[in-house]
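What follows is a short report on a single structure.
The values are calculated or read from the model by the stated rules, or taken from the named source; none is laboratory data. What you see is a predicted model; the values in this text were computed from it and never measured. Here the Cβ positions follow ideal geometry from the backbone for every residue, glycine too, while neighbour counts run over all protein chains shown.
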Amino acid sequence: MARVATAGVTPDYWDEACRHLVKRDRVMKKLIPQFGEARLQSRGDAFTTLARSIVGQQISVKAAQSVWDKFAELTSGPSNRIKPTEVLGLDKTALRAVGLSLRKVEYLSDLAQHFETGQVHVRQWAQMEDEAIIDELVAIRGIARWTAEMFLIFHLMRPNVLPLDDLGLLKGISQNYFSDEPVSRAEARELGEGWAPYRSVATWYIWRSLDPLPVDY
């Protein structure tokens, strides 16, 4: 997950969500007060956020940051606001030279093409349902459902996303609710029903129970 040096935006529903979860869930009642004023924060723009998610696939956070910094140097703008047109204009050899695999170069090109041609409806996302946005995003090469769900939580700040493909969520549920016993997706889904309509917020606190330092997507 990417870190950028701009001021973050916090969801306006956060305090209400915390009050709701504390009343409804015994684990949340204990977890939420432990993290004080820490909040989910959204940074960057849509294209850049998704591009960074592709660059960071299957490599460490440190390696991903190094590749991203070199990639961003190929463009004219700041590293937290890369333009699709610039990516489409970059030479593939230059992209490979900064440490991107051929497949990631193809993924970035497809992402830029989707944005440049209007195949993703960025301006309509605020009015669209979560699943409709996910459907648009997973049509882009290199973006699977998990990446789309992280985008919904960390960039669009949707309040009710439950990323059942996230291993950290399942591990955290196991530790906090099932005494470290393995947890199935079905069990996690059933538990998550009790967190609605703020499943994203509950998920964030489950992640924090594993790693107290918030991650910026």
* Subset of the range 1-38 [within 30 Å of residue 136 (Cα to Cα) and at pLDDT below 90] -> 1, 2, 3, 4, 5, 6, 7, 8, 9, 10
* To do: Determine whether residue 187 is out of contact with any Leu (no Cβ under 8 Å at 6 or more places or on another chain), at pLDDT 95 or above, buried (at least 16 other Cβ atoms within 10 Å of the Cβ) and not assigned by TED's automatic domain parsing to the domain that holds residue 51.
  => yes
* **Among the residues listed as 159, 163, 182, the single one being within 22 Å of residue 36 (Cα to Cα) and not hydrophobic (A, V, I, L, M, F, W, C)** => 159
* **Scan of the range 110-125 for residues that are in contact (Cβ under 8 Å) with a residue 12 or more places away in the chain and not β-branched (Val, Ile, Thr), ordered by number** => 110, 111, 112, 113, 114, 115, 116, 119, 121, 125
* To do: Among the residues of the range 71-86, write down those that are crowded, with 17+ Cβ neighbours inside 10 Å and either touching a residue at least 60 places away in the same chain (Cβ under 8 Å) or over 20 Å from residue 56 (Cβ atoms) (or both).
  => 79, 80
* To do: Filter the range 87-124 down to the residues that are surrounded by fewer than 12 Cβ atoms within 10 Å (Cβ to Cβ) and assigned to a loop (DSSP other than H, G, I, E, B), then identify the one that is farthest from the chain's Cα centre (by Cα).
  => 91
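Conditions (1) buried (at least 17 other Cβ atoms within 10 Å of the Cβ); (2) β-branched (Val, Ile, Thr); (3) in contact with a Leu (Cβ under 8 Å, 6 or more places away or on another chain), marked per residue:
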{"site": "135", "(1), (2), (3)": "no, no, no"}
{"site": "145", "(1), (2), (3)": "no, no, no"}
{"site": "153", "(1), (2), (3)": "yes, yes, yes"}
{"site": "157", "(1), (2), (3)": "yes, no, yes"}
{"site": "197", "(1), (2), (3)": "no, no, no"}
{"site": "208", "(1), (2), (3)": "yes, no, yes"}
* Could you please let me know if residue 104 is basic (Lys, Arg), free of Cβ contacts under 8 Å to residues at least 24 places away in the same chain and assigned by TED's automatic domain parsing to the domain that holds residue 137? => no
* Single residue of the range 154-213 satisfying the filter (farther than 30 Å from residue 45 by Cβ and of a type in the set (Asp, Glu)) that is nearest to the chain's Cα centre (by Cα) -> 193
* Asked: Give me the pairs: first residue in the range 130-142 and assigned by TED's automatic domain parsing to the domain that holds residue 104 and within 14 Å of residue 118 (Cβ to Cβ), second residue assigned to a loop (DSSP other than H, G, I, E, B) and hydrophobic (A, V, I, L, M, F, W, C), beta-carbon distance under 6 Å, and six or more apart or on different chains, which are they?
  -> 136/120
